[in-house]
Structures are given as C-alpha cells and as structure tokens.
Amino acid sequence: MTQRLWAPWRHDYITSPGAKTDKCVFCRIGEDDSSLNRENLVLHRGEHCFVVLNRYPYINGHLMIVPFRHAGDLSSLNKAERTEIMDLAVQAERALVKAMHCQGLNGGWNIGSAGGAGIPGHLHFHILPRWNGDTNFMTTVGQVRVVSQSLERAYEALSPLFGGSE
C-alpha cells in the first residue's frame, strides 16, 4: 500500500519560480515591523541579528540565526554580529532542548551556492533539533523530509523562550 506524507507548506516552495521581488527575503524580514514577527516566524530580534523558524524546515524546530545586514560570508561580519550570532545560538540551544525535548542538535553554515546555500548572498546559521532514531530511510533513500509538527505549533512552543508573549 502506498503511504502519503502531508506537508502542504512545501507546495509554495516547490511551485514558486523564485522571489516575487528583487529584495532578499532575509533583508525584507529584517526590515519588517515587529508586528509581523508571527507571520514571518521571527522568534527574536536582537541588535544585529534575528532568530527565525525555517519556513521550509528539514525537521520540526529548524531555526536560523540571521544578521540584519546583508552579508554573504563569515569574513564580512563584524565582531558584534559574530558575537550576537553565537549568543543567540546558546539561547536557541536552550530553547530547543526545553521546548522540543531534543537529545541533540546540528548547527552550521551553508556558504555560497556550491556550499548548499539556498540564499547564497545572505549568511545564516542553521540550528536543528535532533532525536535518537530520527534518521531513517525516508531521508536517505526517498529524499523526503518528515516534519512532525506544524510551524504554528513550533512557533507557539518556542516564542516564550525567546521573550515572546505567545
């Protein structure tokens, strides 16, 4: 029997020909008013960076830390930006462990198109919660990601841990 996986949020990503505007999506989100945080999935806005749920996650709770300034590589960041990214990574680690009850984390950069960056011009740090046994044949053989929680529920669970009122 064929089984179906339901991931409706992926449809927008798969069928969109690209950005509807010339503006970088991270620059747009960074410039948006904080009243749009929930819509944009922004959990926290710092002085130099923001924390956002990945709209097209590899796994539930997939966070990104993004500098407000458009920079494509680590050497382009100033010391204050680099420091805040690491401070927010510590906060993200604590929040993911508390809200998602994960047993481990993956974190890293995809720099440049050849490095796997989906948005190569605007650097961002990925933090992904992991659980014992969460890898299986789906990702390896089927090239399918299984995301077991909606973005809305992940936002509601994580927002209070970043100082949000949700």
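Couple of notes before you dig in:
- When segment 72-108 is filtered for residues that are outside any helix (DSSP H, G or I), surrounded by 15 or more Cβ atoms within 10 Å (Cβ to Cβ) and either among the basic types (K, R) or within 15 Å of the chain's Cα centre (by Cα) (or both), only L105 remains.
This table checks each residue for (1) modelled with pLDDT under 95; (2) more than 20 Å from K23 (Cβ to Cβ).
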{"position": "N40", "(1), (2)": "no, no"}
{"position": "L43", "(1), (2)": "no, yes"}
{"position": "F50", "(1), (2)": "no, no"}
{"position": "Y58", "(1), (2)": "yes, yes"}
{"position": "L63", "(1), (2)": "no, yes"}
{"position": "P67", "(1), (2)": "no, no"}
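- V52 being under 15 Å from the mean Cα position of the chain (by Cα), surrounded by 19 or more Cβ atoms within 10 Å (Cβ to Cβ), free of Cβ contacts under 8 Å to residues at least 24 places away in the same chain and farther than 22 Å from G112 by Cα: no
- Counted residues, segment 51-71 - those being part of a loop (DSSP other than H, G, I, E, B), out of contact with any Phe, Trp or Tyr (no Cβ under 6 Å at 6 or more places or on another chain) and over 15 Å from C102 (Cα atoms): 7
The values are calculated or read from the model by the stated rules, or taken from the named source; none is laboratory data. The shown structure was predicted, so the numbers you read here are calculated from the model rather than taken from an experiment. Because the Cβ atoms are built from the backbone with ideal geometry, glycine has one as well, and the counts that use them run over all protein chains shown.
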